[in-house]
There are 2 protein chains.
Amino acid sequence: MSTETVLQSLDADLPAATDRLFDFLRIKSISTDPAFASECRRAADWLAGQLRELGYEASVRDTPGHPIVVGHAKAKRPDAPHVLFYGHYDVQPPDPLDLWVSDPFDPRLVQGEKGEEIVARGASDDKGQLMTFLEACRAFQRNGGLPCHITFLFEGEEETGSPSLPDFFAANREELSEPALALVCDTGMWNAKTPAITTMLRGLAQEEVILTAADRDLHSGIFGGPVVNPIHVLAKIIGDLHDAEGRVTLPGFYDGVAELPEEIAAQWCGLEFDETAFLKSVGVARPAGERGRSLIEQVWSRPTCDVNGIIGGYTGPGAKTVLPAQASAKISFRLVGTQDPEKVLESFRAFVRDRLPVDVRAKFVPHGASRALQLPFGSEALSRARRALQEEWDKEAALVGCGGSIPIVGAFKRDLGMDTLMIGFALEDDRIHSPNEKYAYSSFKKGSRSWARVLAALAA
Amino acid sequence: MSTETVLQSLDADLPAATDRLFDFLRIKSISTDPAFASECRRAADWLAGQLRELGYEASVRDTPGHPIVVGHAKAKRPDAPHVLFYGHYDVQPPDPLDLWVSDPFDPRLVQGEKGEEIVARGASDDKGQLMTFLEACRAFQRNGGLPCHITFLFEGEEETGSPSLPDFFAANREELSEPALALVCDTGMWNAKTPAITTMLRGLAQEEVILTAADRDLHSGIFGGPVVNPIHVLAKIIGDLHDAEGRVTLPGFYDGVAELPEEIAAQWCGLEFDETAFLKSVGVARPAGERGRSLIEQVWSRPTCDVNGIIGGYTGPGAKTVLPAQASAKISFRLVGTQDPEKVLESFRAFVRDRLPVDVRAKFVPHGASRALQLPFGSEALSRARRALQEEWDKEAALVGCGGSIPIVGAFKRDLGMDTLMIGFALEDDRIHSPNEKYAYSSFKKGSRSWARVLAALAA
């Protein structure tokens, strides 16, 4: 059985696959609203039913929140690789309802400006994406069996921060950690014609610093000058955190930050990212940040330091002649490569302490730290997935980064010791979390085909 | 009639003067509490009665708040100088009542650790001080007449910010602006043995600066770096406002700031101000501010710049990875000499604008500006008052400054074109505004004698 057969089978089955997705989309599995708890369970049951229909072992496991579905499928060959596929069946509330052109839970296939699209809550995030993978599995099942062993993990609390997952991972570590690689289909394409694999997620280290000087707020007319002003001290420290080139000045900050491989740098240049449009969309005209680095590079592969909040003294209406006793700032560092969050925070604390005048004390409050996650550019799974996507899309897959964090991927690494291959077919204009969410029909169709190719490639 | 006769007459009359002060102290003229409005009027009537008893013209004038008492007294010689004496008859509420050792409105003469003292609300602030002047006038009246023409101005809203004064000054400018000099007895001695004349009040210019970058708060993982962070920009600007020597770096800031006359600098050195104790009282150990300037100099005769408040981004509990759109600071400048508040604020605005990167806009919100007030060191009235005080206290009067502002003095200058001679006999431990407020009996007795000498000297 060739992959070509599987792909033809997928194409032939598209109308039925679309019906199945529509069934799934009709379930109002809104995780944040307790009124829809039974709908969430219905979605979990529905997914377990899909897995069982394909002959896989599947169970719906209770959690303190919404249930988690776990499934296990054997490959046709015992020595096949073993992967874990993750998706979530819960969706965001559809509000505001009056902005939808049709019922958010009555999916429709409509002709959009750029082609056919499926309009419904969850069409893109994440039901449509999840089903691209299940349909690929179904096509293999119809044609001799799966090329990989697969563990399925479907949760119903992604939109509410996945509160039940850590305990679930701890309680089921042995069962879940067998696969060598996680597959996640919750990301996007670079554009409608260019597939993408997300290989870099930046880490994050957050710390609050509270500076205290006098033992109480004072009259600035009597004490201003003779008594040190902690706002001035904090401002000076923050001002010192970056140099004129936009680089972070903390000693050792760039330890573990590698330059991009030439191939990747060249690929990113070729993506022709419109920096001006990106900046204009939020009301600014010129790029800030590290001099000499493209915006893509800055957001995907460079570390940053940002003050997320600052407060001190009188901040109400009008003016007050107070010399404040305290000033504080919340600071976060985005991390890449092998930067050690603890070392970065230690360097930050030392940087602050080195700049404290007599009489100013610093208190540090940690707000969490996580390392960057990177699927090594040289990894075999990545090479195979790239080739598979190129075959389907006739275009090289962009190896993209993500400036923010995708918590589940961190949990796979931390709790299950697993790297993640992030491939998704969402498009920027999918309106996820907003009225009239859609999923391009081409994403659904070619997404299923892509997964068939990727699964075949991983097992080749 | 010699001044000596007047002083002897004052001494002889002390028991009766004490009774009069006690009568005044028994009136519960709490201006902030509407329940005591009739008591405020009673205090005004009582003062007008005192003036009339001395043969002066006196009237109680209605205002939207508590009444203002205006009196006019002629000197025995028509060509005598004309002064205006200001005092206030209102007092702070006595709460918390349970901390008083006796009824706050039942004045007592008690033996304190450092001598006899009058304990009552208003004993020092300002009824006792006001009566030192009235008793001096009474003694002159008993002995041939006043050496100066005197306009009396007693208000009843000093403790609530004098809201009725500006309109009252505007409506009665001609009547009130005839005197050449105002006398105010609402300040303190340097210590129990050293009289003081307050000759310098710093000015104040206040401005809020609001920096805006992107058109909304953004995700710091996606926009941090490429999009300018207004907290960083504001911090850098604030950090640049002072140099390493603690001097303010605004161009032209020190225009109009003169060095102290040698005589004054020497006198201030001689005051042996305990900087360590001053700083320790608010929990710090080392002086900050301008390098090479004593704390007295810093607070009385040097200009400063302080950030009174700063805010931007997320300031609630925990952390939030936000790249803020806005950051703002409230900044105040204390001014001395002939510094021009408007020029200082203009220089500040230019300083900020010069440091704004592309895409950051600054909005400035003024919060008021006033010049420093200085009774010229070379003024004749000051020289005469110094000699008079030295004769009474057998110690050179300290020419002190005041780091904060005394609004009435600014109003005399601005609205009536009048300099003010500020002489008072309060002591640092008088507990004004607090339970068990007291006025040293020596302050009352020698305060009256001091005013007799000062009035005589001004007319000599």
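If a residue has to be under 18 Å from B:A37 (Cβ atoms) and not acidic (D, E) to count, how many in the stretch B:90-109 make the cut?
5
Taking only the stretch B:152-164 into account, find how many residues are outside any loop (DSSP other than H, G, I, E, B) and either surrounded by 21 or more Cβ atoms within 10 Å (Cβ to Cβ) or touching a Gly at 6+ places or on another chain (Cβ under 7 Å) (or both).
5
Identify, please: which residue in the stretch A:210-236 is surrounded by fewer than 23 Cβ atoms within 10 Å (Cβ to Cβ) and among the small types (G, A, S) and is, among those, farthest from A:I311 (Cα to Cα)?
A:G221
So which residues in the stretch A:1-43 are part of a helix (DSSP H, G or I) and of a type in the set (V, I, T), if there are any at all?
Within the stretch A:1-43, A:T3, A:T5, A:V6, A:T18 meet the criteria.
Is there a residue being more than 8 Å from chain B (Cβ to nearest Cβ), closer than 24 Å to B:I296 by Cβ and not small (G, A, S) anywhere in the stretch A:213-228?
Checked against the condition, which is being more than 8 Å from chain B (Cβ to nearest Cβ), closer than 24 Å to B:I296 by Cβ and not small (G, A, S), the stretch A:213-228 yields at least one hit.
For A:V233, state whether it is closer than 27 Å to A:A350 by Cα, in contact with a Cys (Cβ under 7 Å, 6 or more places away or on another chain) and within 14 Å of chain B (Cβ to nearest Cβ).
Answer is no for this residue.
Output the residues belonging to the stretch A:391-444 that are in a loop (DSSP other than H, G, I, E, B), polar (S, T, N, Q) and farther than 25 Å from A:S102 by Cβ.
Residue satisfying the conditions is A:S405 alone.
If you check B:G49, B:G55, B:G65, which single one turns out to be surrounded by fewer than 17 Cβ atoms within 10 Å (Cβ to Cβ) and either under 24 Å from the mean Cα position of the chain (by Cα) or in a helix (DSSP H, G or I) (or both)?
B:G49
From (1) outside the structural domain of A:G309 (by TED's automatic domain parsing); (2) in a loop (DSSP other than H, G, I, E, B), pick out the condition that doesn't hold for A:A214.
(1)
Of the residues A:F140, A:F169, A:F154, A:F133, only one is touching an Asp or Glu at 6+ places or on another chain (Cβ under 7 Å) and in the same structural domain as A:K76 (by TED's automatic domain parsing); which?
None of the other options fit; the residue is A:F169.
Against the condition without any contact (Cβ under 8 Å) to a residue 12 or more places away in the chain, polar (S, T, N, Q), touching a strand residue (DSSP E or B) at 6+ places or on another chain (Cβ under 9 Å) and surrounded by fewer than 22 Cβ atoms within 10 Å (Cβ to Cβ), how does A:T276 come out, does it pass?
Spelling it out, it is not the case that A:T276 is without any contact (Cβ under 8 Å) to a residue 12 or more places away in the chain, polar (S, T, N, Q), touching a strand residue (DSSP E or B) at 6+ places or on another chain (Cβ under 9 Å) and surrounded by fewer than 22 Cβ atoms within 10 Å (Cβ to Cβ).
Take the conditions part of a loop (DSSP other than H, G, I, E, B), modelled with pLDDT of 95 or more and over 30 Å from A:G144 (Cβ atoms) and apply them to A:F105. Does it pass?
yes
Would you call B:A244 away from chain A (no Cβ under 11 Å) and not β-branched (V, I, T)?
no
Out of the strands (runs of 3 or more DSSP E) lying entirely within the stretch B:291-390, which hold 3 or more residues that are within 11 Å of chain A (Cβ to nearest Cβ) and crowded, with 19+ Cβ neighbours inside 10 Å?
Fully inside the stretch B:291-390 and qualifying: B:304-313, B:326-335.
I'm trying to understand the selection: among the residues of the stretch B:9-33, which are surrounded by fewer than 16 Cβ atoms within 10 Å (Cβ to Cβ) and within 25 Å of the chain's Cα centre (by Cα)?
Selection gives B:T32, B:D33.
Among (1) of a type in the set (V, I, T); (2) under 21 Å from A:I423 (Cβ atoms); (3) in contact with a Pro (Cβ under 7 Å, 6 or more places away or on another chain), there is one condition A:V69 misses while meeting the rest; what is its number?
Just one mismatch for A:V69, condition (3).
Output the number of the condition that B:A327 fails; it satisfies all remaining conditions of (1) hydrophobic (A, V, I, L, M, F, W, C); (2) more than 26 Å from A:A288 (Cβ to Cβ); (3) touching a residue at least 24 places away in the same chain (Cβ under 8 Å).
Single failed check for B:A327: (2).
Just one of (1) modelled with pLDDT under 95; (2) assigned to a strand (DSSP E or B); (3) not aliphatic (A, V, I, L, M) trips up A:C269, so point out which.
Only one criterion in (1) modelled with pLDDT under 95; (2) assigned to a strand (DSSP E or B); (3) not aliphatic (A, V, I, L, M) is unmet by A:C269, namely (2).
Here's the yes/no breakdown for (1) more than 17 Å from A:C40 (Cα to Cα); (2) in contact (Cβ under 8 Å) with a residue 60 or more places away in the chain:
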| residue | (1), (2) |
| --- | --- |
| A:S102 | yes, no |
| A:P107 | yes, yes |
| A:E116 | yes, yes |
| A:S124 | yes, yes |
| A:G128 | no, yes |
| A:S164 | no, yes |
| A:A171 | yes, no |
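Being of a type outside the set (S, T, Y), within 12 Å of chain A (Cβ to nearest Cβ) and over 30 Å from B:T321 (Cα atoms) narrows it down to one of B:P287, B:P261, so name that one.
Matching residue, one of B:P287, B:P261: B:P287.
Quick one: which residue in B:E245, B:E178, B:E263, B:E207 is of a type in the set (D, E) and either surrounded by 21 or more Cβ atoms within 10 Å (Cβ to Cβ) or part of a strand (DSSP E or B) (or both)?
Checking each option against the conditions leaves just B:E207.
The values are calculated or read from the model by the stated rules, or taken from the named source; none is laboratory data. The structure presented is a predicted model; accordingly, all values stated were derived computationally and were not measured. Note that each Cβ is placed from the backbone with ideal geometry, even for glycine, and that neighbours are counted across all protein chains shown.
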